[in-house]
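Chemist: Here you go, one structure.
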Amino acid sequence: MLDVARIREDFPILASEVNERPLVYFDNSATSQKPQVVIDALVEFYSRKNSNIHRGVHHLSEVASGEYEASRTKVSQYINASRPEEIVFTNSTTGSINLLADSLSRSYLREGDEIIVTEAEHHSNLVPWQMACERSKAKIRMLPMEDDGSLSVERLKGMIGERTRLLTVSHVSNVLGIVNPVEEIGALASANDVMYVVDAAQSIPHLPIDVNRIGCDFLAFSGHKVLAESGIGVLYGRHDRLLDLPPSQGGGGMVNKVTMERTTYADPPLRFEAGTPNISGALSLAVALDYMSDIGLRDIIEHEEMLTAHMREGLERFEGLQLYGTADPRVPLFSFNIDGIHHYDLGLVLDKMGVAVRTGTHCAEPLMERYGVKGSVRASLAFYNTIEEIDVFFESLEKAVVLLG
Ligand code: PMP
């Protein structure tokens, strides 16, 4: 069992008050809070180790370069990549998918090719593909979600045809919270020789990620959603796929040889890391992943299952509440509306009671359109949240409804 009271002591911000109430932070899918070890690692880096990497022979540059590369190794082990070179550091999930979509639009995708995306994708895993289609004249095809928010592999199977070149899904949608069958989809993609890209932005803080088991060619996530600093992201790419990929940005650090006439590029991953990267961010990600491993994903999952069940029970009992996405399995992330009340007003009143939730379209406008709503409230929990906080959340929600109704 997770000792949540002890774990909460690691997160200084969780002890703060908002509007003279203890903070109930239920906006973890937007960004996670940071444990003291991550904050300390950043202070330590800038106090003792700061230097640019890969370009110096002096002591500090060696130290910073070593730690940056050690972080790459740590990330590769955490997601069970075959080697550290399969990890490209970017600035975020958004940065990772843009890099990939841009490169593929200039190499792999051709006029008439089809890219399958789901109806539930975050704009970050939709708009870059639309932009890639503008350039390559490939086409997007949308896989609709089922009424309960799940993804039908059968329906997906029916959509894959001769022109399908790429398939991308989120492991967990940031609106529905449902875990998609990414391994089954991986087997389908592989059987049809379709490139497979997974957006793991919402699964990385909740579930073990094993790129080999998933069978993906590429996978993206952001550090800030898994306890690390913002401005650091990961693009995992299978080594042979990365070798075939042209760079998306040119600059220092990504070259072999440069003349006025011609430049040759470095091998992956440096080919994709032009310019000075987010060095402290990479270090913070390694510390964050170590922190997750030290607590243990098994205990995290067990605690989160309890939070999920308690949330689910409360939401189902709540009068006039509509939950978007009812299928299982899921992570503790719930989007909903309450009859006759605007989601934005609910968010504002909850904030007055110290409860932080997100409101709006959650960067998933096609899914909002599907449900015929302009937005929703989203409560998203992390392993450091408690059953008591859920009770405060529901009491606050009841008061908010009385006030606004
Ligand atoms: N994909 C999903 C499923 C997300 O939830 C998010 C963040 N809300 C992103 C992509 C984009 O992440 P970032 O803003 O860190 O690039």
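The values are calculated or read from the model by the stated rules, or taken from the named source; none is laboratory data. These numbers come from a predicted model, not from an experiment. Using ideal geometry, Cβ is built from the backbone for each residue, glycine included, and neighbour counts are taken over all protein chains shown. Calculation scope for accessible area: heavy atoms of the full protein, side chains included, ligands and nucleic acids excluded. Shrake-Rupley method; radii C 1.70, N 1.55, O 1.52, S 1.80 Å.
Chemist: Does region 1-37 hold any residues that are among the β-branched types (V, I, T) and within 16 Å of the ligand (Cβ to nearest atom), and which are they?
Modeler: T31
Chemist: If I ask for residues that are open to solvent by 60 Å² or more (accessible area, probe 1.4 Å) and either under 19 Å from A228 (Cα atoms) or in a helix (DSSP H, G or I) (or both), which ones from region 45-66 would you list?
Modeler: Selection gives Y46, S47, R48, N50, H59, L60, E62.
Chemist: OK, next. For a quick check of your reading of the model, give me the residue pairs whose first member lies in region 135-159 and is of a type in the set (D, E, K, R), whose second is assigned to a loop (DSSP other than H, G, I, E, B), with beta-carbon atoms closer than 6 Å and at least 6 apart or on different chains.
Modeler: The qualifying pairs are K137/E111; E146/S152; D148/T326; D148/A327.
Chemist: Here is a further query. Considering only region 275-293, I want to know if a residue exists there that is surrounded by fewer than 20 Cβ atoms within 10 Å (Cβ to Cβ), over 17 Å from Q202 (Cα atoms) and among the hydrophobic types (A, V, I, L, M, F, W, C).
Modeler: Looking for residues that are surrounded by fewer than 20 Cβ atoms within 10 Å (Cβ to Cβ), over 17 Å from Q202 (Cα atoms) and among the hydrophobic types (A, V, I, L, M, F, W, C), one finds none in region 275-293, hence no.
For (1) more than 26 Å from H171 (Cβ to Cβ); (2) in a loop (DSSP other than H, G, I, E, B); (3) out of contact with any Leu (no Cβ under 6 Å at 6 or more places or on another chain), each residue gets a yes or a no:
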{"position": "L323", "(1), (2), (3)": "no, no, no"}
{"position": "T326", "(1), (2), (3)": "no, yes, yes"}
{"position": "F336", "(1), (2), (3)": "no, no, no"}
{"position": "L348", "(1), (2), (3)": "yes, no, yes"}
{"position": "R370", "(1), (2), (3)": "no, no, yes"}
{"position": "V373", "(1), (2), (3)": "no, yes, yes"}
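Listed here are the residues, each with its yes/no results for (1) farther than 21 Å from T308 by Cα; (2) of a type in the set (S, T, N, Q); (3) touching a strand residue (DSSP E or B) at 6+ places or on another chain (Cβ under 6 Å).
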{"residue": "P329", "(1), (2), (3)": "no, no, yes"}
{"residue": "S335", "(1), (2), (3)": "no, yes, yes"}
{"residue": "K352", "(1), (2), (3)": "yes, no, no"}
{"residue": "V355", "(1), (2), (3)": "no, no, yes"}
{"residue": "C363", "(1), (2), (3)": "yes, no, no"}
{"residue": "L367", "(1), (2), (3)": "yes, no, no"}
{"residue": "K374", "(1), (2), (3)": "yes, no, no"}
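Chemist: Another one. Looking only at residues in region 179-211 that are touching a Ser or Thr at 6+ places or on another chain (Cβ under 6 Å) and not in a loop (DSSP other than H, G, I, E, B), which one is nearest to E304 (Cα to Cα)?
Modeler: Among them, the one singled out is D199.
Chemist: List every residue pair whose Cβ atoms lie under 6 Å apart, where the two residues are 6 or more positions apart in sequence or sit on different chains, the first residue falls within region 92-103 and is aliphatic (A, V, I, L, M), and the second residue, located anywhere, is more than 12 Å from the ligand (Cβ to nearest atom) and outside any helix (DSSP H, G or I).
Modeler: L99/S248; L100/F218
Chemist: When region 80-99 is examined, which residues are found to be within 16 Å of the ligand (Cβ to nearest atom) and either open to solvent by less than 40 Å² (accessible area, probe 1.4 Å) or over 21 Å from N52 (Cβ atoms) (or both)?
Modeler: Selection gives V88, F89, T90, S92, T93, T94, G95, S96, I97, N98, L99.
Chemist: Conditions: (1) open to solvent by 40 Å² or more (accessible area, probe 1.4 Å); (2) out of contact with any Gly (no Cβ under 6 Å at 6 or more places or on another chain). F26 meets all but one. Number of the miss?
Modeler: (1)
Chemist: Further, regarding this structure: Do we have any residue at all in region 217-233 that's open to solvent by 10 Å² or more (accessible area, probe 1.4 Å) and part of a strand (DSSP E or B)?
Modeler: No - not one qualifying residue is present in region 217-233.
Chemist: Can you confirm whether region 329-339 contains a residue that is in contact with a Phe, Trp or Tyr (Cβ under 6 Å, 6 or more places away or on another chain), within 24 Å of A201 (Cα to Cα) and polar (S, T, N, Q)?
Modeler: yes
Chemist: Pairs please, first residue from region 108-127 and in the same structural domain as V153 (by TED's automatic domain parsing), second anywhere and open to solvent by 30 Å² or more (accessible area, probe 1.4 Å) and within 11 Å of the ligand (Cβ to nearest atom), Cβ atoms under 6 Å, 6+ apart in sequence or on different chains.
Modeler: Once the first residue is in the same structural domain as V153 (by TED's automatic domain parsing) and sits in region 108-127, its partners that are open to solvent by 30 Å² or more (accessible area, probe 1.4 Å) and within 11 Å of the ligand (Cβ to nearest atom) give H122/C363; H123/C363; S124/T94.
Chemist: Working only within region 87-96, note down all residues that are out of contact with any Ser or Thr (no Cβ under 6 Å at 6 or more places or on another chain) and in a helix (DSSP H, G or I).
Modeler: Residue satisfying the conditions is G95 alone.
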